[in-house]
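Quick notes on the structure that follows.
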């Protein structure tokens, strides 16, 4: 990373497009990684990063008010990504507490199917991005309140809500898949 960010910031404030391109070249890739971790879709992540840089250019006259441009870029990326998720979320979020899971007769075959379903669910949880997985486990497995998780991880409650929502959507898709094509038992 560059150590002349304040100089670039000042040049951008004065309308220097070359300085703006240098800032873009320096931060595009790391911001794309942040956006990708949140949005989980490359096309959307690229759009998010573009929106961040468009906002920086449009509001370049406000750059003197920003004391840490690097932090500002990361925070803007996170915020725009979360706004994109809210804006483009087309599916209802499933809450595990509200989900009506089918009841199974307790017999060895049903228990085996249930264990296989739990393996699929655990694989889906483990496939979540690290922060999303951590937040989900703190809330759903450890029983912490959203405020407690936010304080513990030094993030906003909204971030906790969004990360739990992302996790629940992924688990809902696994649940839907399992209900359509449930695990089978080979009787040999």
Condition (residue is surrounded by fewer than 18 Cβ atoms within 10 Å (Cβ to Cβ), part of a helix (DSSP H, G or I), modelled with pLDDT of 80 or more and in contact with a helix residue (DSSP H, G or I) (Cβ under 9 Å, 6 or more places away or on another chain)) applied to the range 101-118: is it met by at least one residue? no
List pairs: first residue in the range 34-58 and part of a loop (DSSP other than H, G, I, E, B), second residue buried (at least 18 other Cβ atoms within 10 Å of the Cβ) anywhere in the structure, Cβ distance under 8 angstrom, at least six positions apart or on different chains. 40/166
Per-region count, the range 124-138, residues over 14 Å from the mean Cα position of the chain (by Cα), over 11 Å from residue 171 (Cβ atoms) and modelled with pLDDT of 80 or more: 1
Considering the range 1-32 alone, what residues qualify as being under 24 Å from residue 166 (Cα atoms) and surrounded by fewer than 13 Cβ atoms within 10 Å (Cβ to Cβ)? 29
Quick test of your reading of the structure: residue 63 fulfils all but one of (1) under 23 Å from residue 156 (Cα atoms); (2) crowded, with 17+ Cβ neighbours inside 10 Å. Name the failing condition by number. (1)
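What do you reckon, is residue 48 out of contact with any strand residue (DSSP E or B) (no Cβ under 6 Å at 6 or more places or on another chain), under 30 Å from residue 171 (Cα atoms) and at pLDDT 85 or above? So that I can check it myself, show each step before the final result.
Details: out of contact with any strand residue (DSSP E or B) (no Cβ under 6 Å at 6 or more places or on another chain): yes; under 30 Å from residue 171 (Cα atoms): yes; at pLDDT 85 or above: yes.
In short, yes.
The values are calculated or read from the model by the stated rules, or taken from the named source; none is laboratory data. On a predicted model such as this, the values are computed, not experimentally measured, just so you know. Counting neighbours? That spans all protein chains shown, and the Cβs are built from the backbone with ideal geometry, glycine included.
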